[in-house]
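Okay, structure first, notes after.
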Amino acid sequence: MSAVITTHGLTKTFRNQTAVDSLDLYVPQGVVYGFLGPNGSGKSTTMKMLLGLTRPTSGGITLFDRPLTPASRTDLLRSIGSMIEAPPGYGHLTGLENMRIVQHMLDLADTQIDHALATVRLTAHRDKLVRNYSLGMKQRLGVAMALAREPALLVLDEPTNGLDPAGIEEIRTLLVELASEGITVMVSSHLLDEIDRMADVLGILSGGKLIFQGTRGELFEHSTPDLIIETPDPGAALALGITATPVLEGLRLSGITKEQTAEVVRRLAVAGVPIHEVRRVRQSLEDVFMDLTGRGGLL
Amino acid sequence: MLRAELIKLRRSAVWPIALALPLLAVTTGTINYANNADQLTGGWVAFNSQVVLFYGLLFFSLGIGLLAATTWRAEHRGTNWNLLLTTSRRPAALILAKVAATAVSVAFMQAVLVVGTLVSGAFVLRLDGGVPWQLVVVGAIAIIAALPLVVVQSLLSMLLKSFAAPVAVCLAGCVLGVASVTSVGLRPLSHVLPQAINTRALNLGSTALAGSGSLTPDGVLPILLTALGLAAVCVALGVAAIRRVKLR
């Protein structure tokens, strides 16, 4: 899969503090890339560097196979819609007037504005002053402003920040729809739940460093879920010297590999301990994060 | 780009400022003329001189500072600045559009001054004689003369990202401007200081300020050429500045 964004050793230092440390991002084309990390982990700074709003201290950025430089930036930005830190918008103007500003700044057609408003379902509220919009409507207007240029890449920084669950679901559905249309979406969040079920590829940032990058499946491979052995006689199993914790269904074994699982099952069978079921515990993404970060808590 | 900037002026706070300051000048000028009618016998010329005296020294330039700061304030609130910097427009287009938008509100301020002066002179003071064309010409010249200050204040408001700081700088310039047009020693400064250029332009043909130029090509052209040259230099500096700001 070709990459829309790649970075090599991307670093940003503010005085003595390194906000982003040697980042090697790889954002494939046509995916929703979830950029996760706690507040202050360097997500916004990274996104600003990707848009040329902040100059990297060192390292390089390649967008659409072209290096991002002051000379190429203007041309590259034509294909990139963005919303950084918070949705833009002029409160004293209506939603439509805000969109007209984007239209005139980018020489867009009326149909592009209408389509962007319809995509975020703001057409009915387009003549309302933005200062009277709800937070969710302001976020959607921000997305519409980013979408109006019909970008190939959408960079959204915390687009669900401050939204209620319904608003979060709405944005999530919208971004998945956009990705299905071939738009690459890079979306950041400090909340795991907002990214889960939306992102195809994840990049996890902690303290300015990329501690994981890959698919959800690859992330799960980083962590071995606990094993549950359902048995009506856990005492007999423990008497065999198996290290496990008795639970309601039987036994729970932690950090056990496939080979070790086979060996435990063999020993139980030989000893005549009844086994009703052997299964792995279904892990949440949060459990995996906890494992990944040494249970130090990432989010 | 200019059309985008003009949309931003809708329901903007620039309009009350652009309305209030010239009306204040007309009101004070009218009161002053009415209270000194026995000494001020020059009719329209004397009345207009009273109107533009403080307006030219302070209100007009300060108004430009306020208008530029208000115009830029919308960009510095929230993340609109990011929106501007992620358009694919050249920095020069952005600077020129902002300058033009501020100039539109300055032109409106001048229109209010001229219309207010005419209405007050004709219907409040009931001055004799036809409508003096000089008022309109000086009003238009002042718009061009204001361009350097419009550019400077626009750049300050863009770079400082503050409302008050650029206005304070403008006020300091006004004080220096008053000194330059009233003192022989500082007079050369009045030819390059934007606030002083405004004062000189508005007082063309005035009887209230000693040393005011006349409304002739010899008096007008140096002001216009200096203003246009200075504005061009300031725009060039602004473009260089925004390039540095953009990829900071």
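Details
- Backbone amide hydrogens, once placed in the peptide plane, bring A:Leu129 within less than 5 Å of nothing, excluding anything fewer than 5 places away on its chain.
- Peptide A:134-146 has a mean shielding of 1, counted as Cβ atoms of other protein chains within 10 Å of each residue's Cβ.
- Applying the criteria of a DSSP loop state and at most 14 other Cβ atoms within 10 Å to the trypsin sites (Lys or Arg not before Pro) of segment A:138-201 yields A:Arg197.
- Calculated mean residue ellipticity, 222 nm, the protein assembly as shown: -16000 deg cm²/dmol, from DSSP H runs (n ≥ 4) at -39500 (n - 2.57) each, averaged per residue and rounded to 500.
- Under 5 Å from the amide H of A:Thr231 lie the amide H atoms of A:Gly250, A:Leu251, A:His276, each residue being 5 or more positions distant or on a separate chain, with H modelled from the backbone and absent for Pro and chain starts.
- Residue-averaged beta-carbon neighbours from other chains (10 angstrom radius) around B:67-79: 2
- Shielding by partners for peptide A:77-89, expressed as the average number of C-beta atoms from other protein chains within 10 Å of each residue's C-beta, is 4.
- Bridge orientation summary for the protein assembly as shown: considering DSSP beta bridges with both residues in this region, about 65 percent are antiparallel.
- DSSP-defined beta bridges in chain A - what % are antiparallel, rounded to 5: 65 percent
- Treating each Cα of the protein assembly as shown as one equal point scatterer and applying the Debye formula with no solvent, the log10 of I(q)/I(0) at q = 0.07, 0.08, 0.11, 0.12 Å⁻¹ comes out as -0.56, -0.67, -0.98, -1.08.
- Rounded to whole Hz, the Karplus (6.51, -1.76, 1.60) HN-Hα couplings of segment B:86-95, x for glycine and proline: 9, 7, 9, 8, 6, x, 4, 5, 5, 4
- Debye log10 I(q)/I(0) for segment B:92-158, one point scatterer per Cα, at q = 0.26, 0.29 Å⁻¹: -1.07, -1.21
- For segment B:1-53, convex hull of alpha carbons as volume per residue, Å³: 87 Å³
- Among the trypsin sites (Lys or Arg not before Pro) within segment A:1-105, those in coil by DSSP and having at most 10 neighbouring Cβ atoms inside 10 Å are A:Arg15.
- Among the GluC sites (Glu not before Pro) in segment A:213-284, those located in a DSSP loop and surrounded by at most 16 other Cβ atoms within 10 Å of their own Cβ are A:Glu249.
- Neighbourhood net charge (13 Å Cβ-Cβ; Lys/Arg +1, Asp/Glu -1) for A:Thr13: +2
None of the figures in this text is laboratory data; all of them are computed from the coordinates on show. Bear in mind the structure is a predicted one, so any value in this text is a computation, not a measurement. Note that we place each Cβ from the backbone using ideal geometry, even for glycine, and neighbour counts take in every protein chain shown.
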